[in-house]
Amino acid sequence: MYSLCLSMKKQSKKRLGVMDKRGRVTVPQEVRLQLGLVAGNRVEFIAAGNLKHARFLKFNPKANPFEKYAGILGAFPGGKKGIIGWVRDMRDEE
């Protein structure tokens, strides 16, 4: 997750995003390259008091959303045979 102001300064050169009539915002190419943003990344706009900025939420929209949980519980006791036995026990198979 990245937070940045829509008008970033670097060596006194401004990079401004442009909003069209339909509310779509164009992020400058240099900013997209610096942050590694691609089509499908989400942007969260925050306006609270004097704080106004955009937060880019990076994720791969085609990736499996559950992939980050893979392996979180560790290996199943008994491996593949243990899993098959557990499923058969639940099904009351012999």
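The values are calculated or read from the model by the stated rules, or taken from the named source; none is laboratory data. Keep in mind that this is a model prediction, so the values were computed, not measured. Cβ: placed from backbone, ideal geometry, glycine included. Neighbour counts: every protein chain shown.
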The one condition in (1) exposed (fewer than 11 other Cβ atoms within 10 Å of the Cβ); (2) in a strand (DSSP E or B); (3) at pLDDT below 80 that residue 62 fails to fulfil: (2)
Candidate set from segment 65-94 (those that are surrounded by 10 or more Cβ atoms within 10 Å (Cβ to Cβ) and assigned to a loop (DSSP other than H, G, I, E, B)); member that is farthest from the chain's Cα centre (by Cα): 78
Given (1) exposed (fewer than 11 other Cβ atoms within 10 Å of the Cβ); (2) touching a residue at least 40 places away in the same chain (Cβ under 8 Å), number of the condition residue 56 does not satisfy: (1)
Selection within segment 47-59 - at pLDDT below 80 and within 17 Å of residue 19 (Cβ to Cβ): 52, 53, 54, 55, 56
Residue match in segment 16-27 (condition: surrounded by 12 or more Cβ atoms within 10 Å (Cβ to Cβ), touching a strand residue (DSSP E or B) at 6+ places or on another chain (Cβ under 9 Å) and of a type in the set (D, E, K, R)): no
Residue, modelled with the highest pLDDT, within segment 1-46, restricted to residues that are under 22 Å from the mean Cα position of the chain (by Cα) and basic (Lys, Arg): 24
